[in-house]
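Working notes for the structure below.
The values are calculated or read from the model by the stated rules, or taken from the named source; none is laboratory data. If you're wondering where the values come from, they're calculated on a predicted model, not measured in any experiment. Here the Cβ is made from the backbone with ideal geometry for all residues, glycine too, and neighbour counts use every protein chain on show. Protein only, heavy atoms only, side chains kept; ligands, DNA and RNA dropped before computing areas. Shrake-Rupley method; radii C 1.70, N 1.55, O 1.52, S 1.80 Å.
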Amino acid sequence: MKRNKEPEPDSPRQRLVNAAIEQLEKLGMARLTVRDVAAAAGANIAAVNYHFGSKEALVEAALEGAVRHLLEDVRAGLSRTDLDPRARLQQLLSYLLEGSLRFPRLSKAQLHAAFSGEDYSGPFFRMFAPVLGQVRDLARSEVPGLSESVATRRTIATLSAVLFPALFSGL
C-alpha cells in the first residue's frame, strides 16, 4: 500500500506525527516510547506500525515535520524585501536561538544522530542545507570581498553558536 507523505492535517498518521513532536519535546529522544506517542495521539499502538513500520520511521517523520515548519518560517524571513540583508540575518539568528531555547529537547533530537554517531543525514541537516547557501550569500552581500569558503565556514560557526545553547538547556 502506498502511503501519502503529506497526510491530511487531522489524519491518524498526522496526529501520530504531531504527538511524536510533542512527546519528543516533553520526554526527549531517550525516553520517547511508542506507547506515549500513541496515547497522546489518541491512537492504538499498532497504528504506529501500520503508518510508519517502526518507531525510528515515526521519529524521522516527526523530525521532518518539525524541520518543514522551521523552513517555512526561515524562508519567509529570508525573502522579506522590506528588510536589508543584515536585518534579515539578525532576525533569522534570533528566531533560531529562541526556537532552540523554547524547544530544547526537540532541538537535541534533531542533532542526536550527528552527536551520537556522526551521522549528518538526518532531516535537519538534509533539509536545512539549502538554507545555509542563502544565509552564506546574504552574509557575503554584507561583507564585500568575503570568499565563498570563508563565508560558508562563518555561517556554519554562527549557526552552531546559536543552536548550541539548546544542548545545555536546564543547566
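Observations on the model:
- Here the gap between Ala129 and Glu22, fully extended at 0.36 nm per residue and compared with their Cα-Cα distance, gives a gain of 36.1 nm.
- Paired Rg and Dmax values of the stretch 49-105, which use every Cα atom, in angstrom: 15.3, 48
- Carbon + sulfur, % of accessible area of the chain - ligands and nucleic acids excluded, 1.4 Å: 56 percent
- Exposed loop sites are taken as trypsin sites (Lys or Arg not before Pro) in a DSSP loop (any state but H, G, I, E or B) with at most 14 other beta carbon atoms within 10 Å; the longest stretch of the chain without one runs 81-171.
- For the chain, relative contact order (Cα pairs under 8 Å, six or more residues apart, normalised by length) works out to 22 percent.
- Most mobile of Glu22, Glu64, Glu56 in a GNM of the chain (Cα contacts under 10 Å): Glu56
- Rolling a 1.4 Å probe over the protein heavy atoms gives the chain an accessible area of 59 Å² per residue.
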